[in-house]
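Here's the structure, in structure tokens; my notes come after.
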Amino acid sequence: MTSKTDEKKDVLEEKIGYKFKDTTLLKKALMHRSYVNDAKNNGAKFESNERLEFLGDAVLEIIVSEYLYSKYTDVPEGQLTKMRSNGVCESTLARLAKKINLGNYIYLAKGENLGGGRNKPSILADALEALVGAIYLDGGYSVVKKFVEEYIIEKVDFNFSINDEKTRLQEILQKKSNKKIEYNIIKEKGPAHDKEFVSQVMHGNEVIGIGTGKSKKEAEQNAAKEALENFKILEE
């Protein structure tokens, strides 16, 4: 089973500034499980990128943790944890994956591809983590640390996590206009003892973010977080 993606791997290597010694690691990092299942049905056998994603997630966590620990010496542990989780969450990793057009190189089944899989945040974020894992195995810690610093850490605003998302969003919007910022709970679901709330944040008459949470406050924070992510994408 062949793919045009094979011909693009050298382009990706040039884009990320790293040449793999073991190119099978790069191929495995880009191998989505839908492609693996399709190949299996056609008598071929591949391994998906899920194990590399597991490894890459751990490698990414230690590199980002080391960076935050060294840079933000006065920030307490709880806030550092929040900064790390916000900085390397799925939406952030997907946004960074798009910066290097990672979706163009992922091996996908035909159905997944036609369904827009190359732009799905979960697929993009998983592939970026798998790529981190592959670089770690192929080049070692110092090499993958350089990659993470250049392509992830330098492109993430960890400072915004020091303030809550609603405060940060308000600061940004007030610089742009004097339109009213309003949060509304638009849905409540689940039993009384386990409710989930859905909130939307509006800037003037425009809905700019929607979020869910176990409390109204959490839902509003997540709505603000989505709005912040949307603004980042628009500004790039």
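For the range 165-235, the relative contact order is 27 percent, taking Cα pairs closer than 8 Å that sit 6 or more residues apart in sequence and dividing their mean separation by the residue count. At an R0 of 25 angstrom, the distance between the Cβ atoms of ALA58 and SER122 translates into a FRET efficiency of 0.85. For the chain, the longest principal axis of the C-alpha atoms and the axis of helix 50-71 are separated by about 50°. If I stretch the segment between ILE181 and THR212 completely, what's the gain in nm (0.36 nm per residue apart, minus their alpha carbon distance), one decimal? Once the chain is fully extended between ILE181 and THR212, it gains 9.4 nm.
Among PHE231, PHE158, sorting on how many other beta-carbon atoms sit within 10 Å of each Cβ, with the fewest leading, yields PHE231, PHE158. Placing R0 at 22 angstrom, the Cβ-Cβ distance between ASN205 and GLU171 gives a FRET efficiency of 0.55 after rounding to 0.05.
Cross-link check: pairs LYS180/LYS225; LYS82/LYS187; LYS8/LYS110; LYS21/LYS110; LYS99/LYS225; LYS145/LYS166 evaluated at a Cα-Cα cut-off of 22 Å; pairs beyond the cut-off: LYS82/LYS187; LYS21/LYS110; LYS145/LYS166.
When exposed loop sites are taken as trypsin sites (Lys or Arg not before Pro) in a DSSP loop with at most 10 other Cβ atoms within 10 Å, the longest stretch of the chain clear of them is 46-179. The angle between the Cα long axis of helix 121-139 and the main principal axis of the chain comes to about 50°, on a 0 to 90 degree scale. Between LYS146 and SER65, the simple label model (points 7 Å from Cα in the Cβ direction) yields a spacing of 2.5 nm. Here r is the Cβ-Cβ distance between LYS189 and GLU14 and R0 is 41 Å; the resulting FRET efficiency, rounded to 0.05, is 0.30. What separates the Cα centres of the range 63-108 and the range 136-182 is a distance of 8 Å.
Throughout, read-outs are computed from the coordinates displayed, never taken from laboratory work. Since the model is a prediction, treat every value here as computed from it, not as a measurement. Positions of Cβ are generated from backbone atoms using ideal geometry, with glycine treated the same way; all protein chains shown enter the neighbour counts.
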